[in-house]
Every structure is written in structure tokens, then in C-alpha cells.
Amino acid sequence: MTHDHDLVLRPTAAQREAALNPPPGRTGGDLVVETLAGLGATTVFGLPGQHALGLFDALRRSDLRYVGLRVENNAGFAADAYGRITGEAAPLLLSTGPGALTSLAALQEAAAASAPVLAVSSQIPTAGLGGGRHGFLHELPDQSASFRGVVKSVHTVRAQSQIPSAIAAAWESALTAPHGPVWVEIPQDVLLAETMIPVVTGGDAFPEELPPRPELTAVAAHLLATAARPAIIAGGGVVRADAAGKLRQLAERLSAPVVTTFGGKGAFPWTHPLSLQSWLEDRHTTDFLEDADVLLVVGSGLGELSSNYHTFKPRGRVVQIEADLGKLESNHPALGIHADARLALQALLETIEEPREDASAPERVREVLAKVRARIDGQELTLEQDLLASIRRALPSRAPSFWDMTILAYWAWSAFDPRGANTMHSAQGSGGLGYAFPAALGAAVADPTSPVLAVSGDGGALYSVAELATARQYDLNVTWLIVDDGGYGILREYMTDAFGETTGTELTRPDFVALAESFGVPGVRTSPETLAEDLAKALAAPGPWVVVLPAVLRMFAPTHVPA
């Protein structure tokens, strides 16, 4: 009897000839880029450094497109966005020590948002590994230890023969649900040494599927089908799994209202009769979800931002579908289903065949949204709402947007209609500054046919101004909206509320328009009245643009703290 796993693919005559007579001048770096190309990579991001020169020299002999940024952290953000937009593992090439460590904040965001990033870093020469203090440039006692608490998996190479297998294993890890960043490190001498290992002509790295256990979906289906007041919280796992269509089918079959988390923006249509939108930082929404007798949570760990700062206390049964085992029941007892969101939703659809009729559900949704609207309208926040409306008018429906940690983004989490899944992204996973602009550049590389919007405050913008050179060098279609309020606006609000005065929040900043123009990037200073027109003009123009909006914004009042 012959089993599938006993079958071995025989090399073709051409492959045998190439294996027996590999071209001269190849190095360990060539094995890296050949393996990446064989796995399906077409684009790599990164920044060269002394120990990584073998990697970058090999790019010269490959068909991979290289996009170089000016700061490693920004290169990581660009790779993160490329992975989110394409669903592919985005290679990130880094050098040792300071170069590698500078990428950590970006990799933390990729981990929090389940973005597939394959970081390949150089290491000091093999003779320096093992924790001794040999005095090599950029030496760390254990470089990989700095990444183990951040990435999904760490893969250390010590010989050229290990390179293809290590990178294939990392690729598989990055793309197995939940997606995430992975780390491969290769010593300098291994990258530089000439190799007689045959050219890597293909890759076999198939991500493992994560189906739900059938006995659990049977119980979940029964609970949902017989519920009196079911509701659904849809998180970023729905977006990453490309499961928005299946979520909609299930919600309509159950007549179940749906709220999307800030990471799950676009997982459910904003204007659907069952859509509670994303008003998670509102007590009216929290009360509604607490009243559900069965609450289905898909692709969310119900962390701080998804639980109204842990004030959410469900009274009914919770069914949680989550690909990240560490998030399963980490905040609330539940019927926990460890599974990819798409596969689990499909299993529920196959089990719940009869629609659950509930004509009252759309009206209950309208009542909640009306209460939310009345609360916001009572706070005299017309400017902030008008700015979001202007951005929505200017931005083409399917164009992606990337938002930094700034007041307007905090508004957008709750109040912005993304008009589609996988179109609105922010750094709310880990909460670091500087995400929006370099991430938007990565998205523009992924799809050069669409304009991309980045939104930053002036504080966050100063993390990323070096990438204006990148935007110009590659002529990327990114419009950067910078809301200039003279400092760290949200921290100004937090400190004023908590202490009555601020420290360290006020900033000297450049003339952003003049700065952009010094890079050869056109810029315009706008106003709330002209924002929609100026933004639409910039988004319609080819190449990068900067739009600067001087404005001091306010947040709506929270509901998770006593008035």
C-alpha cells in the first residue's frame, strides 16, 4: 500500500543539472533570497547593516523587489501593513544589534494585530555566539532572547544547510492562524561564505489549518439557535481570516446584532440594520451586550479596548472563537473554541440551518445607536465629527487608511465607517506612536493602484518624517494628513484630567509643509472647512502628498470612569 506521505517528487532533468552545477559566486545570502522567492515572496522590506551585507548583496542577483526605509521600526511597520493587505508573509531584512532591536516596537504591533511578518536578521559571526563577551560590533549575549517574548517563533541558523528549512518553518509559522511575526537570525559569516548548496528552486511550507472541534460547535450552534437575545462581538480575527462574508451570513441567520472591535473595523457592514457599529467605549453599548443571553465573540480576546476598559460584565453565556490559545477565556469564562474564525463560522453556518426570526433586533439596534448619538451630541464636539465626515467624503470607498495613536484616530475607532473589511488599520494593538505613515507606505507597495491615507498627530508624525524620503524615492501613492495641535494631544487631555496640569506634552515642531517640500513632496496647509477638498485633491494625485491641519481636538467623555 502506498500512502501520500510516502510519495517523493522526483527532480526534473533541468533541476538535476542546476543542482549538480550551481552557478558560482553564490553565498548564504543567496540561499535566503532563493528560499523566500521559492515560498512565494515578491517584495522585501528592510535596512542594510554591516553584518547583513551578504543578504543585501544577494538581492542584487534575485528578482525580489526591495523597498528600503530609513528606520528599522518604520520598515517593520511597512512590512506589517503589507502583510495585512496581502495576507502574505512580508519579509523584513535587518542587521544585528541596534538594527534588530530598533524593530521591536513594530514587531510587537504585528504580534498584537496578527500581521504576518518574517523578520530575517543577521547575527555576529558564529565564533561569537554562545553568550561570551568577544567584543564583536553589535554583540549581544543572546540577541534572540530580546524577541522571544514578542514574536510567534524564533529560528536560529548556524550553518548554510539549515537556511532553507529554517526560513520555510518561519514562513509556515507566520501564516498559521493566528498570523504573526516570526524571527530568523543568521550569523554574518554564514551569510557571506560561498556555498555549493544547490539553488533553492521551490518551497513547501503550508500553514496548518485550525478547525474547530465539532462537539464544541454543536453546543455553540444550539446555544445561538435557541437564544432569546443573541449578540455578536467581531474582532480582528474575522478580518485576518477573511471571514466577513461568513460573519454577515451568520448574523442574518440568527438576527443577531453585531458590534465590531477597533481591530475588527469593517468585519460587518457599518450601515447594516444589525450593525451596532464600533461604539465599544460607550455604556449604552456595554449595557446592551451585557443583556445578551448568548454572546458570540469571534476573533477577539475582549481586552482593555474591547471591553470598555474591563467594565464589561456579561450576564449570559459567552461563546468565544479565538485562534490565539492564550486569549481563550483569558478575561471571561466562556465556551472556548480554539479555531480560525473562518472555519468556525463556516461550521456554525453548516449546523444552524434554520433562520432565527427576530423582527425586534433592528429596532433594538436603532435604539442603542440613538442613545449613543444623543450622548455624543450633548458634548459640543461638532468639529471632530465634521472632520471625520470630511475624511470619509474625500477617501475613495475601498481605499485603505492607516491611523496613528492620535485623537482623531481614537474618534475613528468608534465613529468612522471603514466601508469594507481590511481597509482601516491602526496601531491600537500595542499602542505605539509612529505607525500610520510607514504602514501606509507598505500598503501602497502592496497595491499601487489605490491611493492610501495616513493620519497622524504632529507628535506621531515626528517619529516618521524620515520616510518622506522613502515615499519620494519609490513614488508611493500615500497622502499623509497631519493634525497639528502643538503636542501630544491625547496625553495632554489625560494629564489635565488626572493632575490638573501637563508635563512633557507640548512640542516644538517644524513647518510640516516646508519640510515635505524639502523632500520633493508637495504639501498644503488646510482648514476644517477646506479639508475634504484638499484631501480629495491630494488623494487623486499620483505620488506622495502631505496635508497639514492645524486644529486642537477633544475626545468624547468616557463612560468607564465615574462622572
(message) Tell me whether region 396-407 contains one or more residues that are more than 21 Å from residue 289 (Cβ to Cβ), touching a residue at least 60 places away in the same chain (Cβ under 8 Å), among the small types (Gly, Ala, Ser) and not in a loop (DSSP other than H, G, I, E, B).
(response) no
(message) I'm told residue 290 meets every condition in (1) open to solvent by 40 Å² or more (accessible area, probe 1.4 Å); (2) at pLDDT 95 or above except one. Can you identify the failing condition by its number?
(response) (1)
(request) For residues that are over 29 Å from residue 77 (Cβ atoms) and either open to solvent by less than 40 Å² (accessible area, probe 1.4 Å) or in contact with a helix residue (DSSP H, G or I) (Cβ under 6 Å, 6 or more places away or on another chain) (or both), tally how many sit in region 104-135. (result) 7
(message) Regarding region 144-153, can at least one residue be identified that is more than 22 Å from residue 427 (Cβ to Cβ), in a helix (DSSP H, G or I) and modelled with pLDDT under 95?
(response) yes
(message) Kindly evaluate residue 87 against the criterion of being at positive phi and over 20 Å from the mean Cα position of the chain (by Cα).
(response) no
(message) For region 191-208, give me each residue that is in contact (Cβ under 8 Å) with a residue 40 or more places away in the chain and out of contact with any strand residue (DSSP E or B) (no Cβ under 8 Å at 6 or more places or on another chain).
(response) 196, 197, 198, 199, 200, 201, 202, 203, 205
(message) Name the single residue that is nearest to residue 327 (Cα to Cα) among those in region 227-248 being touching a residue at least 60 places away in the same chain (Cβ under 8 Å) and open to solvent by 80 Å² or more (accessible area, probe 1.4 Å).
(response) 242
(request) Starting from residues that are crowded, with 24+ Cβ neighbours inside 10 Å and aliphatic (A, V, I, L, M), keep the ones in region 260-279 and report whichever is nearest to residue 231 (Cα to Cα). (result) 276
(message) Looking at 97, 76 in this structure, which one is open to solvent by less than 40 Å² (accessible area, probe 1.4 Å), modelled with pLDDT under 95 and within 23 Å of residue 433 (Cα to Cα)?
(response) 97
(request) Being farther than 12 Å from residue 224 by Cβ and part of a strand (DSSP E or B) is the filter; apply it to region 315-336 and report the residue that is farthest from the chain's Cα centre (by Cα). (result) 336
(message) For region 536-563, give me each residue that is open to solvent by 40 Å² or more (accessible area, probe 1.4 Å), of a type outside the set (D, E, K, R), in a loop (DSSP other than H, G, I, E, B) and touching an Asp or Glu at 6+ places or on another chain (Cβ under 8 Å).
(response) 542, 552, 558, 560
(message) Six or more apart or on different chains, Cβ atoms under 7 Å: show the pairs whose first residue is in region 30-59 and on the phi > 0 side of the Ramachandran plot and whose second is crowded, with 24+ Cβ neighbours inside 10 Å and assigned to a helix (DSSP H, G or I).
(response) 46/75
(message) Within region 413-496, considering only helices (runs of 4 or more DSSP H) that don't extend past its boundaries, which have at least 1 residues that are of a type in the set (Lys, Arg), surrounded by fewer than 22 Cβ atoms within 10 Å (Cβ to Cβ) and in contact with a His (Cβ under 8 Å, 6 or more places away or on another chain)?
(response) none
(message) Here is a check on your reading of the model: is residue 275 more than 18 Å from residue 556 (Cα to Cα), in contact (Cβ under 8 Å) with a residue 40 or more places away in the chain and touching a Phe, Trp or Tyr at 6+ places or on another chain (Cβ under 6 Å)?
(response) yes
(request) May I ask you to say which residue of 511, 534, 484, 497 is in contact with a Pro (Cβ under 7 Å, 6 or more places away or on another chain) and over 22 Å from residue 81 (Cα atoms)? (result) 484
(request) Go through (1) assigned to a helix (DSSP H, G or I); (2) exposed (fewer than 15 other Cβ atoms within 10 Å of the Cβ); (3) not aliphatic (A, V, I, L, M) one by one and return the number of the condition residue 527 breaks. (result) (1)
(message) surrounded by fewer than 17 Cβ atoms within 10 Å (Cβ to Cβ), touching a helix residue (DSSP H, G or I) at 6+ places or on another chain (Cβ under 9 Å), assigned to a loop (DSSP other than H, G, I, E, B) and among the acidic types (Asp, Glu): is that true of residue 533 in this structure?
(response) no
(request) Restricting attention to region 347-368, report how many residues are surrounded by fewer than 19 Cβ atoms within 10 Å (Cβ to Cβ) and in a helix (DSSP H, G or I). (result) 8
(message) Just to be sure before I move on: is residue 506 surrounded by fewer than 18 Cβ atoms within 10 Å (Cβ to Cβ), touching a Gly at 6+ places or on another chain (Cβ under 6 Å) and of a type outside the set (Ser, Thr, Tyr) in the structure I sent?
(response) yes
(request) Please enumerate the residues belonging to region 317-346 that are of a type in the set (Gly, Ala, Ser) and buried (at least 18 other Cβ atoms within 10 Å of the Cβ). (result) 323, 334, 336, 339, 341, 344
(request) Only residues that are in a helix (DSSP H, G or I) and within 22 Å of residue 370 (Cβ to Cβ): list them for region 281-314, please. (result) 283, 284, 285, 286, 287, 288, 289, 290, 291
(request) Grab the strands (runs of 3 or more DSSP E) fully contained in region 180-270, keeping just those with 1 or more residues being closer than 24 Å to residue 107 by Cβ. (result) 182-187
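The values are calculated or read from the model by the stated rules, or taken from the named source; none is laboratory data. No experiment lies behind these values; they were computed from the predicted model shown. Every residue, glycine as well, gets a Cβ built from its backbone with ideal geometry; the counts of neighbours run over all protein chains shown. Note: accessible area is taken over every heavy atom of the protein model, side chains too, but ligands, DNA and RNA are not part of it. Shrake-Rupley method; radii C 1.70, N 1.55, O 1.52, S 1.80 Å.
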